[in-house]
Every structure is written in C-alpha cells, then in structure tokens.
Amino acid sequence: MKKLLITRKFPEQFVAPLREVAHVVEWTEIETAMPRDKFLAEAAEAEVIWSTLEDKIDEELLMHAPKLQMVANLAVGYNNLAISTIKERGIIATNTPNVLTNATADLAFGLLIATARRLVESADYLRAGKWKNWSPMLLTGMEVSGSTLGIIGMGRIGSAVARRAKGFDMQVLYHNRNRKYEDEEMYGFQYRALDELLAESDFVMVLTPYTSETHHLISAPQLKQMKESAIFINVSRGGIVDEHALYEALKNGDIWAAGLDVFQEEPVSLDHPLLTLPNVVALPHIASASVKARHAMLATNLEALLTFLADDKPKNRLT
Ligand code: GLV
Ligand code: GLV
C-alpha cells in the first residue's frame with residue numbers, strides 16, 4: 001500500500017475510505033497543522049500527500065519527497081504548490097474548484113456589505129455600551145445599492161459575485177486577462193483597463209489567482225487611482241496587495257475602507273498595522289467556510305485520492 005500523508009485532522013468520514021487502500025499517516029490535532037519539520041520528515045516515504053493551502057509544497061518539500069506521485073490540495077488556489085517542478089516531476093496535483101464558488105461569492109459580498117455599512121464596528125459599539133441615542137449621522141457608511149463594483153479577476157468566483165451585485169442594481173466593471181463576452185452580453189458586465197476600473201469603482205474587489213504576475217498588483221499607485229470613497233475587498237490571496245501601501249492609503253484617507261479575508265502572512269499577527277485601523281474589517285480566511293462547501297471540497301479531494309489509489313486518472317487535475 002502507498003503511504004498517504006495527511007497534514008491535518010480531517011473529519012473521519014472523509015479519511016475512513018482511504019484507510020482501506022493506503023497506509024495513512026496523519027496529523028491528529030484539530031487546532032494545529034503538522035509542523036514543518038515533521039512534514040519534511042514524513043514526506044520522505046510518502047507517495048501521496050493530502051495538504052491544505054497552508055502547507056507549502058515548495059522546492060524544499062519536493063526535495064524531501066523523492067517518492068511523491070500525487071498531491072491533493074484542499075483549496076481552489078494553489079499558490080502553495082511549486083507547480084512547475086511538480087509538473088516536471090510528473091507528479092499529479094488536484095484542487096477543489098466549483099464546489100466553493102457560491103460560498104466564496106456569498107462571503108465576498110457579505111464582507112463588502114459589512115465593510116461598507118460598518119457592521120463589525122457598529123456591533124462592537126453596541127456591546128461596548130456606547131449606544132446612547134439614534135443619531136442621524138451615527139455610524140453611517142457607504143451605500144451598496146446602485147453603486148459601481150469593479151472586479152479584478154473574472155473567473156468562476158468573480159462572475160458569481162458579479163451576478164449577486166446585479167441584485168443590488170450595481171454597475172459591474174471587470175478586468176481580466178480574457179474578455180468574458182458571454183457575461184457581458186447576458187448580464188451587462190463591462191470590461192475596463194485596470195486603471196479605468198480603479199478610477200471608476202466604488203468597490204474594488206480582487207479575485208484573481210496569486211502568481212508572480214499578480215504579486216502586489218495593488219500597490220501605492222493603484223490605491224492612488226481609486227476614489228477617496230472607495231472600498232477595497234480582498235478574498236483572494238494577501239500577497240496580491242502591498243499591505244504597507246494599503247495601510248498608508250487607509251490611514252491617510254486615500255481610500256475609505258477595506259475588507260480583508262486574506263493576508264500576506266497567515267495567521268495575521270495581532271500587531272499588524274492594518275488591524276489597528278477602525279476602517280478595516282478583517283476575517284481569518286473563511287471565504288469557503290460553509291459546511292456545505294467544506295464538505296464538498298473534502299469529498300472532491302477524497303474522490304481524486306481514491307481514483308489515483310485505484311490506478312486511475314483523477315478529476316480536477318492541475319498537472
Ligand atoms: C481558499 O482560499 C482556496 O483557495 O480555496
Ligand atoms: C429608522 O429606523 C427609520 O425608521 O428611518
């Protein structure tokens with residue numbers, strides 16, 4: 001039997017079928033991930049790895065894993081995988097697209113509303129005993145309905161967010177490597193060059209994959225191009241944004257607020273400057289965290305693993 005290394009404690013119903021067909025070595029603590037040194041050591045004999053977006057399957061790990069044949073990654077994003085080396089070595093990698101699209105789009109839109117209407121700040125205000133009276137301009141935010149949403153990265157999730165925005169009578173602008181003519185025709189989404197999108201949007205949301213090309217795609221010059229009333233939302237990967245530049249823009253009033261589900265370093269450190277700002281809504285990378293989506297992601301990986309272990313070709317292959 002092949003050795004299958006699982007870097008987390010996953011719900012047993014998604015692991016049990018694998019115990020029949022592989023030699024499963026897993027991390028057993030729910031609250032923590034397998035420490036890096038243990039991951040490197042256990043990888044030595046592993047033919048298969050089931051990882052999460054936090055586990056770096058980088059050049060170092062791959063050097064420690066000479067027998068590796070397959071990686072199943074519990075995420076749609078795969079910037080944690082050294083994908084070109086994985087491909088060169090003939091290792092199969094799979095991910096979990098589609099099943100998390102709705103959950104992620106729901107959260108993205110929820111975070112947009114929460115940031116625009118200051119939901120977290122308002123809830124804290126109430127619990128802190130500060131609510132003394134109804135006051136006309138108390139805790140006022142930006143109106144979502146009828147405003148303009150600019151989406152950078154119009155893939156499956158971007159398109160799902162844009163369709164939600166139509167229900168709020170928003171004008172949807174998008175920037176993407178490829179034009180989405182069908183979406184333009186069917187829903188009226190409009191393509192813009194990046195600088196036009198930044199200048200015209202009330203909400204700027206990034207939903208592009210994180211690659212060397214999108215590293216710090218949003219930096220000081222891009223933040224300067226946004227409206228002073230603009231709200232920036234990131235539910236993709238923290239590295240797409242220069243966090244220092246974002247902090248400066250939020251502090252100086254170059255933009256109005258930000259909603260962030262992702263950070264350059266995760267978990268984000270509690271003394272991170274962005275967390276000192278009242279106009280930042282910060283979440284712990286939960287965009288796909290509905291029970292339905294997470295179960296479907298686990299089931300997607302499980303199916304790929306079982307298929308591979310039965311010497312067949314798994315679906316959702318990245319390589
Ligand atoms: C989550 O961030 C994912 O890539 O699935
Ligand atoms: C507010 O509660 C209103 O009734 O306008």
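The values are calculated or read from the model by the stated rules, or taken from the named source; none is laboratory data. Every value quoted in this text rests on a predicted model; they were computed, and no experiment measured them. In this analysis, Cβ positions are derived from the backbone assuming ideal geometry, glycine residues included, and neighbour counts consider all displayed protein chains. Just so you know, the surface numbers come from the protein's heavy atoms only, side chains and all, with ligands and any DNA or RNA stripped out. Shrake-Rupley method; radii C 1.70, N 1.55, O 1.52, S 1.80 Å.
What the table below lists for this structure:
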quantity	calculated
ILE86 vs. criteria touching a strand residue (DSSP E or B) at 6+ places or on another chain (Cβ under 7 Å), in contact (Cβ under 8 Å) with a residue 24 or more places away in the chain and part of a strand (DSSP E or B)	no
Residue selected from the range 216-240 under the condition within 16 Å of ligand 1 (Cβ to nearest atom) and touching a helix residue (DSSP H, G or I) at 6+ places or on another chain (Cβ under 6 Å), by the criterion farthest from ILE83 (Cα to Cα)	ILE233
Test result for ARG179, assigned to a loop (DSSP other than H, G, I, E, B), of a type in the set (Lys, Arg), modelled with pLDDT of 95 or more and under 24 Å from the mean Cα position of the chain (by Cα)	yes
Tally, over the range 83-96, of residues that are within 26 Å of GLY153 (Cα to Cα) and open to solvent by 90 Å² or more (accessible area, probe 1.4 Å)	1
Restricting the range 241-275 to residues that are more than 16 Å from ligand 1 (Cβ to nearest atom) and in contact (Cβ under 8 Å) with a residue 40 or more places away in the chain, the residue that is surrounded by the fewest Cβ atoms within 10 Å (Cβ to Cβ)	TRP256
Residues of the range 245-290 satisfying the condition of being part of a helix (DSSP H, G or I), under 21 Å from the mean Cα position of the chain (by Cα) and among the hydrophobic types (A, V, I, L, M, F, W, C)	ALA245, LEU246, LEU274, LEU275
Residue match in the range 114-128 (condition: in contact (Cβ under 8 Å) with a residue 12 or more places away in the chain, of a type in the set (D, E, K, R) and in a loop (DSSP other than H, G, I, E, B))	yes
Checking SER51 against (1) outside any helix (DSSP H, G or I); (2) in contact with a Phe, Trp or Tyr (Cβ under 8 Å, 6 or more places away or on another chain); (3) open to solvent by less than 40 Å² (accessible area, probe 1.4 Å), the condition it does not meet	(2)
Test: residue in the range 84-95 that is within 23 Å of ILE233 (Cα to Cα) and within 16 Å of ligand 1 (Cβ to nearest atom)	no
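To keep it simple, each residue is scored yes or no on (1) under 26 Å from LYS315 (Cα atoms); (2) under 14 Å from the mean Cα position of the chain (by Cα); (3) buried (at least 17 other Cβ atoms within 10 Å of the Cβ).
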residue: ASN98; (1), (2), (3): yes, yes, no
residue: THR104; (1), (2), (3): yes, yes, yes
residue: ALA108; (1), (2), (3): no, yes, yes
residue: ARG118; (1), (2), (3): no, no, yes
residue: SER122; (1), (2), (3): no, no, no
residue: ALA128; (1), (2), (3): no, no, no
residue: TRP134; (1), (2), (3): no, no, no
residue: LEU149; (1), (2), (3): no, no, yes
